[in-house]
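Reading through the structure tokens given below for one structure.
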Amino acid sequence: MSFVERCWMITSKFSVIAILIFTGICFGVFVYPYMKKKREAALVSIVYIGIMSVLYLIPQRIGNFSAYLMGVVAAFLVMYVQDRRNIYQKLFLAVTFFSIRWLAVAMAGRLDDFITKALVFGNTIAGRQWLQYGLYAGTRILDIVLCIVFLAVAIGLINKAYVYKKDEMSGKELVMLIMPSLVGVTGYGILQYYLNIYEKDTGKSLIDTYGFYGALSFVHYFISIIAILVMTIMFQNWKVAQEEQTGQELVLNQVSDMKKHIGEVEKLYQDIRSLRHDMGNHIQILEHLVAENHMDDAAEYMEHLKKEWNEISPEIKTGSPVLDVIFMEKLREAKERQIRFTSDFHYPEDTKLNAFDLSVILNNALNNCMENVSGENPYISITSFRKNSIFMITIKNSYEGTLKYKESDLPETKKSGKEHGIGLHNIRRVARMYLGDISLEQENQEVVLSIMLQVE
């Protein structure tokens, strides 16, 4: 092997390894916004680069397609092990990167072929090895640069278009999002298949014979990447529409709750006014009973008055009249259904937390508890505490069944249809307005809803 041939081989290997490293870094950059910690994205890059380097350096027994598929699968497993939630989103990231990697490299390769044929293999330099090598090295560098540019631009645009990165992705959403990627890779495979068949049968390059083939394949790769971006944008627009619909449902629910609470308050005030109006009569009756020494009758009459007062006086005082009405209503329902209801909730004063927003959270949360509480001794308990700017609410209820999770980190409820899951999603929406979130877990025969809010 001549020195020029050695240089040619080293340059070829170096260019491949360089592309592997840069694409691995791009992989980490791509998944970074979706990961909890920076080191998790870095680990994805390291594993991908490591797997691909090993597969490249060992004697080749598998094709490039299979090798890159193994690298992406390994990276996906790393993401899954680090965080097992939102698995469909991780599948989207893996499939999309696999696709845009192939498409970006193929686009760069087509431009590289064009430049190589125009310069390196021109008749004027056909016999000059060193000049051929120099131009070859230049085109390889250009190939690396173009590949990185195409891949970085595609990743940047997709990440920018994908706004709802923290939202749980469903199986249907995954299918919709990866369809352009699958079509793009399938088209690439078909084009390569016909290229290989033609070269095998004729001993000639299909691109050399029919120049438009190269242009056609480049257009296909470009359109495929654009299609991935367009589908991501369409998906986000659909999510926005869903958010608006959910927001409208939330507003309607809030209005309904407000009307209900206003009715409860009006009833409470009416009962108080009625009691005040009759108080003079009650006092006269008690004075008469005491004067006539009918002490047993007076005591019985007092017990009746105390019972009537207790019915209209809130047993749970939160520090907010609006919330007191909610708790009074739920306590009354719990007594009717023989559910033990305990509360150690206190409204945080001197904060940006709006009592109405908090009423949405508590009303939906307690409604869910009332719908799902079960067991021989059913109970509901609610507690709260504040530490600096963090306000935590914990709501527990007995539950004999098992929570079922389908396409979200929030479980299914007993409701179905359009009402399914609206309560929990409304709670989460309001919580995120205060830069917080919710979690729902089951511990033995107890369901625990935790709500975190930033109130300063």
Please determine, by comparing only the residues of the stretch 426-454 that are in contact with an Asp or Glu (Cβ under 9 Å, 6 or more places away or on another chain) and modelled with pLDDT under 85, which one is surrounded by the fewest Cβ atoms within 10 Å (Cβ to Cβ).
-> 429
The stretch 60-109: number of residues that are more than 17 Å from the chain's Cα centre (by Cα) and outside any helix (DSSP H, G or I) | 4
Residue, surrounded by the fewest Cβ atoms within 10 Å (Cβ to Cβ), within the stretch 342-361, restricted to residues that are assigned to a helix (DSSP H, G or I) and in contact with a Phe, Trp or Tyr (Cβ under 8 Å, 6 or more places away or on another chain) = 355
Go through the stretch 136-149 and give me each residue that's surrounded by 15 or more Cβ atoms within 10 Å (Cβ to Cβ) and more than 16 Å from residue 113 (Cα to Cα).
-> 148
May I ask you to say which residue of 69, 93, 77 is buried (at least 17 other Cβ atoms within 10 Å of the Cβ) and either more than 19 Å from residue 166 (Cβ to Cβ) or modelled with pLDDT of 90 or more (or both)?
-> 93
Filtering the stretch 204-235 down to residues that are polar (S, T, N, Q) and modelled with pLDDT of 85 or more yields 224, 232
Could you tell me whether residue 193 is surrounded by 15 or more Cβ atoms within 10 Å (Cβ to Cβ), among the aromatic types (Phe, Trp, Tyr), in a helix (DSSP H, G or I) and modelled with pLDDT under 85?
-> no
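The values are calculated or read from the model by the stated rules, or taken from the named source; none is laboratory data. Here the structure is a predicted model, which is why all the values come from computation and not from measurement. Positions of Cβ are generated from backbone atoms using ideal geometry, with glycine treated the same way; all protein chains shown enter the neighbour counts.
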